[in-house]
1. Regarding ILE73, is this residue closer than 15 Å to LEU3 by Cα, among the β-branched types (Val, Ile, Thr) and away from the ligand (no atom under 16 Å from the Cβ)?
2. Can you name the residue in segment 100-114 that is part of a helix (DSSP H, G or I) and buried (at least 17 other Cβ atoms within 10 Å of the Cβ) and is also nearest to the ligand (Cβ to nearest atom) among such residues?
3. Looking at GLU81, GLU27, GLU17, which is the one that is away from the ligand (no atom under 14 Å from the Cβ), modelled with pLDDT of 95 or more and among the acidic types (Asp, Glu)?
4. Every residue in segment 55-109 that is in contact with a strand residue (DSSP E or B) (Cβ under 7 Å, 6 or more places away or on another chain) and at positive phi, please.
5. Name the single residue that is nearest to ALA78 (Cα to Cα) among those in segment 27-38 being touching a residue at least 24 places away in the same chain (Cβ under 8 Å) and surrounded by 15 or more Cβ atoms within 10 Å (Cβ to Cβ).
6. Has segment 58-70 got any residue that is touching a Leu at 6+ places or on another chain (Cβ under 8 Å), at pLDDT 95 or above and within 23 Å of SER4 (Cα to Cα)?
7. Out of ALA121, ALA60, report the one residue that is more than 16 Å from the ligand (Cβ to nearest atom), farther than 25 Å from ALA12 by Cβ and either surrounded by 11 or more Cβ atoms within 10 Å (Cβ to Cβ) or of a type in the set (D, E, K, R) (or both).
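The values are calculated or read from the model by the stated rules, or taken from the named source; none is laboratory data. This is a predicted model, so every value here is computed, not measured. Ideal geometry is used to build each Cβ from the backbone, glycine not excepted, and the neighbour counts take in all protein chains shown.
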Amino acid sequence: MSLSAAERQELAKQLRERAVALRKEMESKLDEATDEARDAGARGDSGDRSFAAAESEVDAGEAQRDQSELGAIERTLARIEEGSYGVCIECGADIPIERLRAQPLASRCTKCQSDREAREARLR
Ligand SMILES: [Zn+2]
């Protein structure tokens, strides 16, 4: 663990702010989707209804991405609490603070991340 307490706090703060922003975003999207569904229902036009349905599918995809990012943020905050944050989950090397500042959700060092991406690219 090469991170100082101040660095850990700085990154935890960044993550918590991101989590708050994401939750707000999810709430307002949910409101929007509800409004759209209501509008479409009130008009009773089948063309509008299928448009609204297609739109809410897009929203669902976005909501899922937001949800999984939120989950990753929560897992990362838990790792900060328990003190395992900032260490590569593959090889145990310290992840440089510059990388964590740019990508606070990073759980691998640059080398393991690129090895993993290369493996995944081969599997595709
Ligand atoms: Zn590594």
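1. No: the conditions fail for ILE73.
2. Applying the filter and picking the extreme gives CYS112.
3. Only one candidate passes the filter, namely GLU17.
4. Once the filter is applied, which keeps residues that are in contact with a strand residue (DSSP E or B) (Cβ under 7 Å, 6 or more places away or on another chain) and at positive phi, segment 55-109 yields only GLY86.
5. Only one residue fits best here, namely LYS29.
6. No, the conditions are met nowhere in segment 58-70.
7. Result: ALA60 is the single residue among ALA121, ALA60 that is more than 16 Å from the ligand (Cβ to nearest atom), farther than 25 Å from ALA12 by Cβ and either surrounded by 11 or more Cβ atoms within 10 Å (Cβ to Cβ) or of a type in the set (D, E, K, R) (or both).
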